[in-house]
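Report on one structure; see the data block that follows.
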Amino acid sequence: MAKTLEDINERIRKGDAVVLTAEEMTELVASEGAAKAARKVDVVTTGTFGPMCSSGAFVNFGHSEPPIKMSKVWLNDVPVCADVAAVDAYIGATAMSDTEGMAYGGAHVIQDLIEGKWVKLKATAYGTDCYPRREIETWVNKDTLNQAYLFNPRNAYQNYACATNGSDRTIYTYMGVLLPNFGNATYCSAGQLSPLLNDPFYRTIGIGTRIFLGGGHGYVAWQGTQHKPSAPRSPGGTPLGPAGTLALIGDIREMDSRFIRGARFHRYGVSIYVGVGIPIPVLDEEMAAFTGVSDSEIFTSIFDYSQPTRSRDPLGKVSYAQLRSGTIEIDGRKTPCAPLSSYRVARDIAGELKRWITEGEFQLTGPVELLPTEGTVQGLDIRDGEGI
């Protein structure tokens with residue numbers, strides 16, 4: 001018998017809800033089948049923790065006396081976007097320090113704010129009648145800011161490619177350092193724990209879904225940029241490479257730097273590790289089957305990152321069970337592989353979200369609008385003249 005979200009929330013309120021992590025659900029479905037699992041389980045918790053470059057934070061500094069309309073802003077020498085309003089700014093996670101380069105960037109500023117550290121603010125302006133001040137230099141922290149919240153345009157990718165390098169030189173990428181002649185491979189997904197791989201057709205995850213974000217509560221704000229639901233899929237519904245994405249929002253004052261970490265990729269740049277956990281209501285047998293997916297059933301494509309993006313053809317497919325073994329086969333030989341994401345932290349996130357729900361601290365919200373299930377991603381064409 002199918003359940004409703006309100007049925008499940010009522011069980012959460014009463015302390016009767018049965019909540020499993022995605023790992024635990026995989027074991028239950030394997031041993032007892034999806035039908036029995038659907039009757040037993042109310043909620044499955046997921047988790048992922050990996051680099052999510054398309055992230056950042058909006059902040060409002062408050063007005064000085066006399067007031068200033070900030071036009072250029074730096075936080076700890078990292079340039080941030082101030083072309084919003086007088087004292088609003090957006091800290092892009094991948095922005096790099098003017099003085100430290102790749103060693104420190106917007107992601108580290110965000111982490112510093114989460115940890116309650118003082119951050120140096122410097123701003124300049126052109127001056128107006130109502131905002132006459134032309135420069136300011138001071139210190140801020142999360143408690144002196146009016147607002148400080150993450151708004152991440154593209155997080156929680158539904159699967160991602162496995163990267164390798166077939167050229168004769170080492171290359172430095174957002175997928176890490178890739179050694180020549182298929183000397184290594186990297187991947188970036190929590191596989192069977194990953195949120196959108198447990199709801200492959202976005203039945204329960206959409207705009208307004210309440211989530212775990214960076215150690216606090218957050219929400220799905222919109223479809224993420226480069227959302228590509230039409231990507232090729234396996235017979236079980238999971239995509240075979242990058243597909244759906246989520247735009248996420250949450251208050252950094254609630255967050256914990258265990259689940260939001262600044263990072264730097266050697267000779268590539270700055271990124272940010274983001275922890276995301278999404279509860280999935282087990283409404284029926286189909287959702288039980290989806291949330292029971294295992295690493296051996298989830299495949300991704302292997303790509304040679306030394307080739308131009310549009311001309312890349314997959315070198316093959318590989319399951320997450322194979323990837324997590326530490327060795328895969330490329331071009332007829334064994335190649336060591338390693339994750340950029342942390343499975344251990346993803347497991348911690350799913351466990352923490354399970355605890356919140358079990359203890360009645362967190363109830364589920366249904367989407368106010370579903371995510372698109374059709375659509376592709378456009379490439380950028382170089383045009384002469386005015387375009388057409």
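If you check THR94 against the conditions, is it closer than 22 Å to ASN155 by Cα, β-branched (Val, Ile, Thr) and outside the structural domain of TYR174 (by TED's automatic domain parsing)?
Numbers: closer than 22 Å to ASN155 by Cα: yes; β-branched (Val, Ile, Thr): yes; outside the structural domain of TYR174 (by TED's automatic domain parsing): yes.
Yes: the conditions hold for THR94.
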Using beta carbons and a limit of 6 Å, which pairs, at least six apart or on different chains, have the first residue in the range 126-140 and assigned to a strand (DSSP E or B) and the second one among the charged types (D, E, K, R)? GLU137/LYS122; TRP139/LYS120
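Just the residues that are among the hydroxyl-bearing types (Ser, Thr, Tyr) and not in a loop (DSSP other than H, G, I, E, B), please, taken from the range 214-266.
Residues of the range 214-266 that are among the hydroxyl-bearing types (Ser, Thr, Tyr), as a first pass: 219, 225, 230, 234, 238, 245, 257.
Selection gives TYR219 alone.
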Among GLY101, GLY106, which is the only one that is within 22 Å of ARG267 (Cβ to Cβ), small (Gly, Ala, Ser), surrounded by fewer than 20 Cβ atoms within 10 Å (Cβ to Cβ) and outside the structural domain of TYR273 (by TED's automatic domain parsing)? GLY101
Restricted to the range 21-75, and to residues that are out of contact with any helix residue (DSSP H, G or I) (no Cβ under 7 Å at 6 or more places or on another chain) and aromatic (Phe, Trp, Tyr), which residue is farthest from ALA93 (Cα to Cα)? PHE61
Does the range 294-315 contain at least one residue that is surrounded by 16 or more Cβ atoms within 10 Å (Cβ to Cβ), modelled with pLDDT of 95 or more, over 24 Å from the mean Cα position of the chain (by Cα) and of a type in the set (S, T, N, Q)? yes
Across the range 172-194, what is the number of residues that are under 17 Å from ARG264 (Cα atoms) and part of a loop (DSSP other than H, G, I, E, B)? 3
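The values are calculated or read from the model by the stated rules, or taken from the named source; none is laboratory data. Note that the structure is predicted; figures quoted are calculated from it, not measured. All Cβ positions, glycine included, derive from the backbone under ideal geometry; neighbour counts span all protein chains shown.
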